[in-house]
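Nothing in this text is a laboratory measurement; each read-out follows from the coordinates by a stated rule. Since this is a predicted model, take the numbers as computed values, not measurements. Cβ placement follows ideal geometry from the backbone for every residue including glycine, while neighbour counts extend to all protein chains displayed.
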Amino acid sequence: MICTSTPYHIIIFGASGFTGQFVVEEVARIVSEGPNGTLKWAVAGRSRQKLDKVLEQAAGALGKPELRTAVEVIVADVGEPDSLAAMCKQAVIVLNCVGPYRFWGEPVVKACVENSAHCIDICGEPQFLESMQLNYNSQAADKGVYIVGACGFDSIPADMGVLYTREQFKGTLTAVESFLTASTGPEGGSINDGTWKSAIYGFADSGELRSLRKKFGHKPLPVVGSKIKRRSALFYSNEVQQYAVPFMGADPSVVKRSQRFLLEEHQETPVQYGAYAGVGGVANIVKMLFAGMMFWFLVKFDFGRNLLIKFPEFFSFGFFSKDGPTRKQMEGSSFQFAFYGEGYTDGQDPSQGRPNAKIRTLVQGPEAGYVATPIAMVQAAITILNEPTALPKKGGVYTPGAAFARTTLVERLNKHGIQFSVI
């Protein structure tokens, strides 16, 4: 089990990365929410100099000059297992912000499991998430360690949103579709190219993901109620009044794993799930098709992947950039997930006839990548620290929905600007 005498509740590993900076600021904001009203925390990464700069920047952004001296700096490197082990021995939870996770994630999971630290990441790469479950679940269970992946914008809003929708539905919820829309202010917006790199490698290796899934030997989840209809690759969505496409992120994979866990552990009816994203009007579609065709062609070849990585702004029409969004752009941006569910009211037999009831819920919040993601990640950690008895009975490699189904994570997120509501 986890040792309670470790010096830090939380260590942020990769704190000097683009996302790491904002995770540091979010942790600094919520120290009073730690166990017994206090949170002991530290930052970690390869370069002490860069980590000092992160604390300097956080002190300025939050008006908390004490951060410059009060927060411990730990030097640790993914390429040096001993340094990772030393870091993990000092933490109850490691918040791992070092991506792409397919290259740098496993040594951190391994070190956490071996040295009895919980681990939370913000990975949106199904191949990494599922291979960690395959390779470390039983070891983590033996050690009482919780490894919870996809605790950022991928995939807390979707995964917890499906669970919230089921909780609010009076009866048996059998299917949910989600529609993601994002808006930017007058300053526009962009995403740091770390996410772009993860997508490039993910698409290049999609065959590996299929063979990985066969190793689990899962039976298909039972379908209750009407089988959900898959929408086409591009369609006009009446739900969000704009054109939409299937959502390409980790959400469908994460939600499915949560539903499997809840069926196997709690005998809950699995909810079928379809994920879509609004893409706007015709001009956006033309851009998207053009960028998509170039991406699909180039991602298959080494030289093509190098081009995509070198010129993210050009190949994504400015959607991704090496600099990422400015703080001004972040302030003006927001996201919204609309969930449309159907099922059977109490007393209706789901094996008889078509669903007879519908529900609509919303999850909405601030800018997705660098405001909502740190909030979600940090609140996941606070939940583990404060609600250990509400977590699954034994340790393991979990999705957010599996780990937090019985906790107050949704209420915590509501208080921090990621709002869950029924319409």
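Set the bar at 18 Å for Cα to Cα. Now go through 53/310; 50/89; 170/227; 229/256; 256/415; 394/415 and name every pair that lies beyond it.
53/310; 50/89; 170/227; 256/415; 394/415, as the Cα separations exceed 18 Å there.
Each residue of the stretch 280-297 is assigned a 3J(HN,Hα), and the resulting list reads x, x, 4, 4, 5, 5, 4, 4, 5, 5, 5, 5, x, 5, 4, 4, 4, 6 Hz, derived from the Karplus form 6.51 cos²θ - 1.76 cosθ + 1.60 (θ = phi - 60°), x at Gly and Pro.
Here r is the Cβ-Cβ distance between residue 206 and residue 56 and R0 is 60 Å; the resulting FRET efficiency, rounded to 0.05, is 0.90. Taking the helices alone, the chain has a mean residue ellipticity at 222 nm of -13000 deg cm²/dmol, built from -39,500 (n - 2.57) per DSSP H run of at least 4 residues and averaged over all its residues. Working from Cα pairs under 8 Å separated by at least six residues, relative contact order for the stretch 156-365 is 40 percent. Remark: relative contact order (the chain) = 21 percent; criterion is Cα-Cα distance under 8 angstrom and separation of 6 or more residues.
Using θ = phi - 60° in the Karplus curve 6.51 cos²θ - 1.76 cosθ + 1.60, the 3J(HN,Hα) couplings for the stretch 182-196 round to 10, 10, 10, x, x, 7, x, x, 7, 10, 4, 6, x, 5, 4 Hz; x is entered for Gly and Pro. This structure gives percent of Cα pairs over 42 Å apart, computed directly, and of (i) 14; (ii) 25; (iii) 11 that value is listed as (iii). Placing R0 at 35 angstrom, the Cβ-Cβ distance between residue 221 and residue 187 gives a FRET efficiency of 0.25 after rounding to 0.05. At an R0 of 60 angstrom, the distance between the Cβ atoms of residue 72 and residue 290 translates into a FRET efficiency of 0.80.
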